[in-house]
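A.B. asks: A single structure is presented below for examination.
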Amino acid sequence: QVQLVESGGGLVQAGGSLRLSCAASGIIFRIYTMGWYRQAPGKQRELVASITSGGSTNYADSVKGRFTISRDNAKNTVYLQMNSLNPEDTAVYYCNAVRVHNYWGQGTQVTVSS
């Protein structure tokens, strides 16, 4: 059974930082492309950042220079370091694992107050 379990969300003031973690089980983690998506109320889910099995990264323009995605294959975990947060970053953040199949976590709420 595949599980992606996010943690690290919460309430933070504008300008602050949070680090999200996603622990994966039930998949061969190292061969999957891992990603973070977010969905704000009334908006579509959007890609925030992704990292391939080879370590190549991709970021949404809105987070470039502020967010960093990384992975630890030994721990089957992907991280999202979020700095200089602003209220527009408020959303539910979802972990994603994709190769042939596509898996999602349950999401973690990030709220940035002004």
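A.B. asks: So how strong a dipole does the chain carry about its Cα centre when Lys and Arg Cβ are +1 and Asp and Glu Cβ are -1, to the nearest 20 debye?
C.D. replies: Computed about the Cα centre, the dipole is about 220 debye.
A.B. asks: How would Y93, Y79 rank on accessible area, largest to smallest, probe 1.4 Å?
C.D. replies: Y79, Y93
A.B. asks: Expressed as a whole percentage, what fraction of the accessible surface of the chain belongs to carbon and sulfur atoms when a 1.4 Å probe is rolled over the protein heavy atoms?
C.D. replies: Carbon plus sulfur share of accessible area: 46 percent.
A.B. asks: Next question, about the same structure. How far is it, in nm, from the label point at I31 to the one at A60 when both lie 7 Å from their Cα along the line to the Cβ?
C.D. replies: Here the answer is 3.0 nm between the modelled labels.
A.B. asks: Which far-off residues, 5 or more places away or on another chain, put their amide H under 5 Å from the one on F67, with H placed in the peptide plane?
C.D. replies: Result for F67 returns N83.
A.B. asks: Sum up the charges of everything whose Cβ sits under 11 Å from the Cβ of Q39, counting Lys and Arg as +1 and Asp and Glu as -1, but leave Q39 out.
C.D. replies: Taking every Cβ under 11 Å from that of Q39, the sum is +2.
A.B. asks: Write down the accessible area per residue of the chain in Å², having rolled a 1.4 Å probe over the full set of protein chains.
C.D. replies: Roughly 53 Å² per residue, with all protein chains present.
A.B. asks: Just how far, in whole angstrom, is the range 42-111 from the range 1-17 if you go by their alpha carbon centroids?
C.D. replies: Taking the Cα centre of each part, the range 1-17 and the range 42-111 sit 10 Å apart.
A.B. asks: Quick one: how many Å² of T33 are accessible to a 1.4 Å probe, rounded to 10?
C.D. replies: Rounded to the nearest 10, that gives 40 Å².
A.B. asks: I would also like to ask the following. Mind grabbing the accessible area of V5 for me, 1.4 Å probe, Å², rounded to tens?
C.D. replies: The accessible area comes out at roughly 70 Å².
The values are calculated or read from the model by the stated rules, or taken from the named source; none is laboratory data. Values in this document were obtained by computation on a predicted structure and should not be read as measured data. Reconstructed Cβ throughout: ideal geometry from the backbone, glycine too, with neighbour counts over all protein chains shown. Heads up: the accessible areas ignore ligands, DNA and RNA and are worked out on the full protein's heavy atoms, side chains in. Shrake-Rupley method; radii C 1.70, N 1.55, O 1.52, S 1.80 Å.
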